[in-house]
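Derivation of every value follows stated rules applied to the coordinates shown; laboratory data play no part. A quick note: this is a predicted structure, and the numbers were derived from the prediction, not measured. Because the Cβ atoms are built from the backbone with ideal geometry, glycine has one as well, and the counts that use them run over all protein chains shown.
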Amino acid sequence: MRTKLYHILFWCLVAGIWFYLRYQDYSSLRLAAQVTVIKVIDLALLIYFVNLVLVPKLLYRKKYGWFAVTFISAVAITSFIKMLVLARVQHDDLSTFTNVKQKVYNNFVTQFFLVLASIGLKSVFDYLRLQRKMAEVAKEKAEAELNFLKSQINPHFLFNSLNSVYFLIDKENTEARQALNKFSDMLRYQLYECNDDKIPIEKEIGYLNDYVALQKLRREAHDDIEFNCAENVKDFSIEPLLLMPFVENSFKHLSHFGHGRKNLIRISATRVNGEFNFSVMNTIDYTSTRKPVGGIGLKNAKRRLELLYNGKHNLEINETGDLFTVELKIKI
């Protein structure tokens, strides 16, 4: 709302300056005001159309030929329409073609360079905004790496210890051995494979599967937990551990129904029309004394999505009754 107000004030200022500099060229102040309003509105509409539509959809996508043709056409069409409107207001007969050069200069050439200047300003602001976001990403990545290094223990010692514990477990206790193997795989993933900017989605899904399997061991037998991943969720990359906060949150805030009532977790991963869709639904404790769902994990996940997938993702988080749902879509 504040941004819209700034835009309105800016164009009012432009109209005021324009009127002050040119009112003496017209037979009356009323005519000068009418001409000023027509010219300013025409210029504003053209600038917004070019900078909000043509620049991001054509220029920034390197479709330079289409951009040039569309840009010049838009300037020419709006200039011609403006000439017709001004001719009607000023009772000017266009059929005589008097002062053709002056009309072309005042309506097309001036318009062309004013809009071109606005494109230059937008490009500068967009570049500065991009540099600021890149700096934020670099800073957060450095902080994350620092925190990772602080929390990292000697991996060789850790894996050797896990192997020792594995062989201490009775061979008949296959469930415990499998759980330890999954934990070892998860730890190896975090220590060694999450250092890259992006990883194959197959590895991220495998990590989530191991996490869900371990969580099932500590949950009640009657809890209903499912993780469904479509076969076509493959052959693309994603930032490591991007999905983990949503899954972790679903187990963290499961309800404590008791009396045989089931807890429910449904995790789904699909790929449709060039989009990766990830959804998590879980029951929650809906009593008035429970803590709010979410927290630092979800806030960090939202922030990472904004920085890494700006304009390429959609995240919806809803809480209705005793159900908490997360719907994430990422263009891949």
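So here's what we get for this one:
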item	result
Cβ-derived FRET efficiency at R0 41 Å, residue 331 paired with residue 76, nearest 0.05	0.75
Residue 241 long-range amide H proximity, modeled H, under 5 Å	none
Ranked packing of 263-273, 24-34, most packed first, by mean Cβ within 10 Å	263-273, 24-34
Inter-label distance, nm, simple model (7 Å from Cα along the C-beta direction), residue 303/residue 275	2.7
Cβ-based net charge around residue 277, under 10 Å, with every Lys or Arg adding one and every Asp or Glu removing one	0
Ranking of 305, 130 by count of other Cβ atoms within 10 Å, fewest first	130, 305
Too-long pairs where the Cα-Cα distance tops 24 Å, listed order kept, from 252/312; 299/331; 133/331; 63/329	252/312; 63/329
Within straight-line cross-link reach of residue 4, lysines at Cα separation under 22 Å, skipping those fewer than 8 residues along the same chain	39, 122
Sites residue 110 and residue 144, calculated FRET efficiency, Cβ-Cβ separation with R0 51 Å, nearest 0.05	0.50
Inter-label distance, nm, simple model (7 Å from Cα along the C-beta direction), residue 176/residue 11	7.4
D_trans [Stokes-Einstein, Kirkwood Rh over alpha-carbon pairs] for segment 2-145, 25 °C, 0.890 mPa s, µm² s⁻¹	139
Ranked 124, 89, criterion: other C-beta atoms within 10 Å, fewest first	124, 89
